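Peer 1: Supplied in structure tokens, the structure appears directly below.
The values are calculated or read from the model by the stated rules, or taken from the named source; none is laboratory data. Treat the numbers as computed from the prediction; the structure is a model and nothing was measured. No Cβ is skipped: glycine too gets one built from the backbone with ideal geometry, and neighbour counts run over all protein chains shown. Quick note on the areas: whole protein, heavy atoms, side chains included, nothing else; ligands and nucleic acids left out. Shrake-Rupley method; radii C 1.70, N 1.55, O 1.52, S 1.80 Å.
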Amino acid sequence: MRVCINGICGRMGRRIAALILQNKELELTGGLEFKGNSEIGKDIGRLVGFDEIGIEVSDDAEKVVKKSDCVVDFSTKDATKELIEIIDRTNIKAVIGTTGLDNKFIDRLKKIGEKTAVVQSPNMSIGVNLLFKIAPEIAKILGKGFDIEIVEAHHKHKIDAPSGTAKKIAENIASTLGKNINDVVVYGRDGIVGERKDNEIGIFAVRGGDIVGEHTIIFAGIGERIELIHRAQSRDTFAIGAIKALLFLKDKTKGFYTMMDVLGIPK
């Protein structure tokens with residue numbers, strides 16, 4: 001399957017490119033960046049630490065997409081919104097890993113999934129997707145006697161907060177408990193905020209150094225607490241997930257999927 005990458009010069013884009021170049025089932029056809037990026041015109045092989053491959057970083061999305069069967073997107077919210085118009089016009093398959101996307105955008109991807117194949121997830125690691133599944137189940141079993149707080153930590157260069165993963169965990173928990181996430185979520189606390197409400201789900205963002213990604217879900221009861229912790233040690237955790245998503249789409253013609261579908265985790 002011929003694959004291009006949107007956001008090729010980012011940390012994730014480079015790692016995915018390197019893995020594609022080493023995978024016999026996939027062919028790298030191009031890499032995209034925003035106009036004016038200093039890496040435009042540079043050989044992608046050199047960019048990811050390999051020999052030259054004769055394919056340059058480009059800012060011409062239409063040209064690169066036409067050569068490809070699927071696009072992988074790990075860019076920014078604005079760049080992804082521009083790309084979605086091309087996906088809609090061309091019906092190219094897509095793996096979307098960009099975080100910070102709102103529900104309106106996700107609904108658009110679901111609509112596009114009626115005519116082409118799309119995998120979308122704010123986090124493509126096996127462990128985190130298992131958290132998406134089991135955290136709501138634990139919350140349901142524990143019931144009202146436990147308060148739920150989510151703490152996420154990432155490197156200082158991450159531009160969105162809280163992480164898409166933290167928000168997805170909170171959304172899944174709220175949905176399982178029959179609540180609207182917008183009615184119960186609290187993003188940090190400051191000042192005289194009063195006692196914690198029983199139905200709150202707190203989300204807190206930590207930014208610093210080179211932290212790849214950590215998520216802790218705290219279920220705090222009286223006299224005890226349960227913590228679920230996922231720590232990503234390397235970006236390869238997410239890049240390998242993206243490769244799994246690409247291979248999953250090889251025989252798909254249409255449909256909207258998540259990493260839980262890719263990994264075979266029951267919903």
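Peer 1: Looking at the chain, send over the antiparallel percent of its DSSP beta bridges, to the nearest 5.
Peer 2: Here the antiparallel bridges make up roughly 35 percent for the chain.
Peer 1: Pairing the Cα long axis of helix 103-112 with the longest principal axis of the chain, what angle in degrees results, from 0 to 90 and rounded to the nearest 10?
Peer 2: On a 0 to 90 degree scale, this one is about 40.
Peer 1: How big is the antiparallel share of DSSP beta bridges in the stretch 115-267, given as a percent to the nearest 5? It would help to have the intermediate numbers written out before the result.
Peer 2: On the way: 15 of 28 bridges.
In the stretch 115-267, approximately 55 percent of DSSP beta bridges are antiparallel ones.
Peer 1: While we're on this one: When ligands, DNA and RNA are left out and all protein chains stay put, how many square angstrom of accessible area per residue does the chain have with a 1.4 Å probe?
Peer 2: Values: 13430 Å² over 267 residues.
Per residue, the chain has an accessible area of 50 Å².
Peer 1: When DSSP beta bridges are limited to those with both residues in the stretch 1-145, what percentage is antiparallel, rounded to the nearest 5?
Peer 2: Values: 1 of 19 bridges.
About 5 percent, rounded to the nearest 5.
Peer 1: Taking the stretch 209-267, which GluC sites (Glu not before Pro) meet the DSSP loop condition and have no more than 13 other C-beta atoms within 10 Å?
Peer 2: Within the stretch 209-267, the qualifying GluC sites (Glu not before Pro) (loop, at most 13 other Cβ atoms within 10 Å) are Glu224.
Peer 1: Label points 7 Å out from Cα along the Cβ direction at Asn91 and Glu214: separation in nm?
Peer 2: Output for this residue pair reads 4.7 nm.
Peer 1: Distance from the Cα centre of the stretch 34-54 to that of the stretch 102-129, in angstrom?
Peer 2: Distance between centres, Cα-based: 28 Å.
Peer 1: Explain nothing, just compute: Karplus ³J(HN,Hα) = 6.51 cos²θ - 1.76 cosθ + 1.60, θ = phi - 60°, for every residue of the stretch 139-151 in order, whole Hz, x for Gly and Pro.
Peer 2: 4, 5, 5, 5, x, 6, x, 10, 8, 10, 10, 10, 10
Peer 1: OK, next. Among the GluC sites (Glu not before Pro) in the stretch 8-51, which ones are in a DSSP loop with at most 12 other Cβ atoms within 10 Å of the Cβ? Mind listing them? Spell out each step's value before the answer.
Peer 2: Details: sites: Glu25, Glu27, Glu33, Glu39; in loops: Glu25, Glu33, Glu39.
Passing both the DSSP loop test and the Cβ count: Glu25.
Peer 1: Ok, one more. Which net charge results when you count Lys and Arg as +1 and Asp and Glu as -1 among the other residues whose beta-carbon is under 12 Å from that of Ile16?
Peer 2: Result for the local shell: +3.
Peer 1: On to the next question. Over the chain, with every protein chain in place, what whole percent of the accessible area is carbon and sulfur at 1.4 Å, could you tell me?
Peer 2: Numbers: 6550 of 13430 Å².
Carbon plus sulfur share of accessible area: 49 percent.
Peer 1: Rounding to the nearest 20 debye, state how big the charge dipole of the stretch 23-154 is about its Cα centre with +1 on each Lys and Arg Cβ and -1 on each Asp and Glu Cβ. Present the calculation step by step, with values, prior to reporting the outcome.
Peer 2: On the way: 19 positive and 24 negative charges, 118 e Å.
It works out to roughly 560 debye.
Peer 1: If you filter the stretch 4-61 for trypsin sites (Lys or Arg not before Pro), then keep DSSP loop positions with at most 12 other Cβ within 10 Å, what is left? Walk me through the intermediate numbers first.
Peer 2: Working: sites: Arg11, Arg14, Arg15, Lys24, Lys35, Lys42, Arg46; in loops: Lys24, Lys35, Lys42.
Here the trypsin sites (Lys or Arg not before Pro) that fit, given the DSSP loop and packing criteria, are Lys24, Lys35.
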